[in-house]
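Quick note: the coordinates plus some simple rules give every number you see, no bench work behind them. It should be emphasised that the depicted structure is a prediction, and the values quoted were computed from it without experimental measurement. FYI the Cβ positions are ideal-geometry reconstructions off the backbone, even for glycines, and counts take in every protein chain you see.
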Amino acid sequence: MYPKNRKSCLVIYLLIILIVDYGIISGQVKLNNDSSAFCNGYLSKFEIGAEYLVPTRFSNRIQTISVHGFFWKKRFENISIKMSTGFICTYAWGTSRQFEELGDSLLLVTNHETSAFGAGPVFQVDPTIMKFKRFSVIAEANGGIILYNKRFPYGGDVYNFIFRAGPSVAYKLNSTYSLRVGYRWMHVSNGQGNGNHNPFYEGYGLNVSFLTFR
C-alpha cells in the first residue's frame, strides 16, 4: 500500500522547483537593473547533453539513457559558479526487486522486469574548479522531478525525484561552441521512505554535453 502522503511529497517538490525558478528569474531582472551586480549575464544560449548510466553494485539492476537540455544559464563571475534550468527526457529499463517476509528469518526476493519513459524539469549548479587555457574542470550537480508513462520501477509510482552529480572537463572549441565530457552518479527515488513502494535505483556512467554561446 502506498503512503498517504505520496501526493504531498509530489506537490511540495514541485513547489520547491517553482520557487527556485522564480527566484532565479526575479534575480536576473534585478541584476540586469543593477550595474554594480557581480553577475555578468548569460553564459550560453543553449546546452544539450546525453548520458548512459549502468546500475551501481547495490542498486536495482536498471540501466538509463537520458537526454537533457538547458535553455537558461547564468554566470556569477565573482564566485565562478553557473546556474541553469532545463528539461530532461529519460528511458530506463531493467529489473526491480520486491521483498516479502516468510516468517521470522526468511525473506523472499522476487525480480520483476520493468521499463518506462519519463520527462521533467531540472535545476543545475556547476561551479568551475579550475581553468587552463581552453580547458576547464567543472563540478556539476542537478536535481529535478520526472513523471513517467506508468508506475516505475515495478512497485513504485508515476513520479520520481532525480539527483545527479559528478565532475566534467570542458573544452572551448571557439568563441561560439564548447564541449563537455564527464562522469555522472545518479540517484532516483520517489521520496516515500523505505519499502517495496519506493524501489529506488542508482547508476553511474558517462555524460557528454554540447554548448553554444552568444
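Being closer than 26 Å to ASN160 by Cα, out of contact with any Gly (no Cβ under 6 Å at 6 or more places or on another chain) and surrounded by 19 or more Cβ atoms within 10 Å (Cβ to Cβ) is the filter here; which residues of the stretch 176-190 pass it? The answer is VAL188, and nothing else. Scanning the stretch 62-71 for residues that are over 14 Å from ARG184 (Cβ atoms), touching a residue at least 40 places away in the same chain (Cβ under 8 Å) and not aliphatic (A, V, I, L, M) gives a single hit, PHE70. Quickly run through the stretch 129-146 and pick out the residues that are surrounded by fewer than 16 Cβ atoms within 10 Å (Cβ to Cβ) and touching a residue at least 24 places away in the same chain (Cβ under 8 Å). Once the filter is applied, which keeps residues that are surrounded by fewer than 16 Cβ atoms within 10 Å (Cβ to Cβ) and touching a residue at least 24 places away in the same chain (Cβ under 8 Å), the stretch 129-146 yields ILE129, ARG134, PHE135, VAL137, ALA139, ALA141. Identification of strands (runs of 3 or more DSSP E) wholly contained in the stretch 77-175 with 1 or more residues that are under 13 Å from the mean Cα position of the chain (by Cα) yields 81-101, 107-125, 135-152, 157-172. Would you mind stating whether VAL125 is free of Cβ contacts under 8 Å to residues at least 12 places away in the same chain, among the hydrophobic types (A, V, I, L, M, F, W, C) and either surrounded by fewer than 19 Cβ atoms within 10 Å (Cβ to Cβ) or over 23 Å from VAL208 (Cα atoms) (or both)? When the stated conditions are applied, VAL125 does not pass them.
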